[in-house]
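> Quick one: the structure is below, and I'll ask about it shortly.
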Amino acid sequence: MLRLPRFRYLRPKTAREAARMAAELGPRAMFVAGGTDLFPKLKRRQFDIDTVIGLDFLPREIHNGSREVAIGAGVTLAGASIDAHLNKNFRGYAEATGLVSSPPLRNVGTIGGNLCVDTRCNYYDMTYEWRKAAGFCMKKDGDICLVAPSSPRCWAVSSSDTAPMAMALEGMVSLSGPEGEREIPVAALYQDDGILYMTKHPAEVITWLHLRPAPGTRSAYVKLRRRGSIDFPIAGAAVAAQLDGETVISCRIILSAVASHPLEATAAEAFLKGKTLDAETIREAAEMAAKPAKPLDNADLSHFWRKRMVRVVVEQALGRISDQKAGFDG
Ligand SMILES: Cc1cc2nc3c(=O)[nH]c(=O)nc-3n(C[C@H](O)[C@H](O)[C@H](O)COP(=O)(O)OP(=O)(O)OC[C@H]3O[C@@H](n4cnc5c(N)ncnc54)[C@H](O)[C@@H]3O)c2cc1C
Ligand code: SF4
């Protein structure tokens, strides 16, 4: 049985206090919300820390305003997935939260934790003994990449289901740091690096997620994984589109689990502008969207097959958009 290492647990009362503690302790400390990603990784010794900073002060409400929905970072995935307003107006987001992992983990895992979930790789998400036998890799304890040994960087895969959907819906996050608060687009939270996959300062706490899409935006999330429950995505498509009748005014397509960050399919987005979402257009757009996806052999199932399936998940997501009623009415 894998055991947790010994650690100290701190319980700040506010985000600012938590951020100050994290800034002071540096890499020895990490935040914990639901713990569904952090604790299994601590058991596998994927992080070397001696302090865990609890985030149980985080807001757990969903505010439905006339121009946006604001979701507290402490809201559980289960709570978001059954919220009536999200299901009616931000369907893709509710779908994504409901497809994370399994029911017990969704009851505990939070939407803030899901935005920060660590990147994944078959050579990294293993026990210490397994990684040692394999010679370790640069993401933890080693110095080369075992997937692409001549590469100077890590290619671990962005595996959050909700981050791509929040990006497609023009999401913004509120961050609380040791020096103050700021708000940035969800898209600006990530960068294409398997190790330093987040741009925010490690001591900044995500406190709120704001979704502010244009009025009438429809959204859908389609996820591919081995089993219908528990498994992380091995490909996924988050689509949000604003339509005038049958004509696309704007569309955002963000791919999950095919790069170290949620990957925007910009050529397909531009192609769809002004088009009618008929079967032929959807097929062409999906073909285009799949082009930038370059999965490597470091996640479940064959990467050649995952690459082929990106077209399929995008096609399915666009198909759902074309059948859907307009969502958020601003
Ligand atoms: C078997 C299994 C299957 C899973 N399947 C999926 C899946 O299909 N899709 C998926 O997306 N995830 C999956 N997960 C990962 C995890 O359950 C979810 O991502 C969950 O949403 C993480 O939220 P949490 O609150 O438990 O985060 P935690 O584990 O508490 O934290 C995760 C990371 O985020 C940081 N953090 C947490 N909250 C904040 C915050 N508010 N501000 C700043 N940093 C923060 C922590 O320091 C840590 O680095 C799975 C996990 C397991 C064990
Ligand atoms: S992509 Fe390479 S460096 Fe990154 S976790 Fe996997 S094996 Fe390690």
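The values are calculated or read from the model by the stated rules, or taken from the named source; none is laboratory data. As the structure is a computational prediction, the values presented were derived from the model and not from experiment. Note that each Cβ is placed from the backbone with ideal geometry, even for glycine, and that neighbours are counted across all protein chains shown.
> Residue 183 passes all but one of (1) out of contact with any strand residue (DSSP E or B) (no Cβ under 6 Å at 6 or more places or on another chain); (2) over 11 Å from residue 116 (Cα atoms); (3) surrounded by fewer than 19 Cβ atoms within 10 Å (Cβ to Cβ); which number fails?
All conditions are met except number (1).
> Counting residues that are among the hydroxyl-bearing types (Ser, Thr, Tyr), which helices (runs of 4 or more DSSP H) fully inside region 94-206 reach at least 1?
Fully inside region 94-206 and qualifying: 128-134, 162-168.
> Pairs under 8 Å by beta carbon, first residue closer than 16 Å to residue 241 by Cβ and surrounded by 15 or more Cβ atoms within 10 Å (Cβ to Cβ) in region 277-296, partner of a type in the set (Gly, Ala, Ser) and at pLDDT below 95, six or more apart or different chains?
Correct list of pairs: 277/322; 282/322.
> Sort out which residues of region 158-193 are within 27 Å of residue 122 (Cβ to Cβ) and within 12 Å of ligand 1 (Cβ to nearest atom), and write them in order of number.
158, 159, 160, 161, 162, 163, 164, 165, 166, 189
> Which residues, counting only those in region 195-208, are in contact with a Leu (Cβ under 7 Å, 6 or more places away or on another chain) and more than 9 Å from ligand 1 (Cβ to nearest atom)?
199
> Right, here's the next one. Out of (1) touching a Lys or Arg at 6+ places or on another chain (Cβ under 9 Å); (2) modelled with pLDDT under 95, the odd one out for residue 64 is which?
Condition (1) is where residue 64 drops out.
> For region 153-163, which residues satisfy the criterion of being of a type in the set (Val, Ile, Thr) and more than 9 Å from ligand 2 (Cβ to nearest atom)?
162
> Have a look at 174, 160 and point out the one that is of a type outside the set (A, V, I, L, M) and crowded, with 24+ Cβ neighbours inside 10 Å.
None of the others qualify; the one that does is 160.
> Identify, please: which residue in region 32-52 is in a loop (DSSP other than H, G, I, E, B) and among the β-branched types (Val, Ile, Thr) and is, among those, nearest to ligand 2 (Cβ to nearest atom)? Show your work before the answer.
Here is the first cut: in region 32-52, the ones in a loop (DSSP other than H, G, I, E, B) are 33-37, 44-50.
Then keep just the ones that are among the β-branched types (Val, Ile, Thr); that gives 36, 49.
Working: 36: 20, 49: 18 Å.
Per the stated criteria, the residue is 49.
> Inside region 127-152, can you point out the residues that are crowded, with 16+ Cβ neighbours inside 10 Å and more than 8 Å from ligand 2 (Cβ to nearest atom)? Talk me through it step by step, then tell me what you get.
Taking region 127-152 and keeping what is crowded, with 16+ Cβ neighbours inside 10 Å, we get 131, 136-140, 142, 145-147.
Result: 131, 136.
> To continue, here is another question. Condition first: in a loop (DSSP other than H, G, I, E, B), touching a residue at least 40 places away in the same chain (Cβ under 8 Å) and under 30 Å from residue 325 (Cβ atoms). Now tell me which residues in region 74-93 satisfy that.
90
> Please list, ordered by first then second residue, the pairs with beta carbon atoms under 6 Å, 6 or more apart or interchain, first in region 127-153 and over 15 Å from residue 42 (Cβ atoms), second of a type in the set (A, V, I, L, M) and within 16 Å of ligand 1 (Cβ to nearest atom).
139/156; 139/195
> Return yes when residue 232 is closer than 27 Å to residue 299 by Cβ, aromatic (Phe, Trp, Tyr), modelled with pLDDT of 95 or more and surrounded by fewer than 24 Cβ atoms within 10 Å (Cβ to Cβ) and no when it is not.
When the stated conditions are applied, residue 232 passes them.
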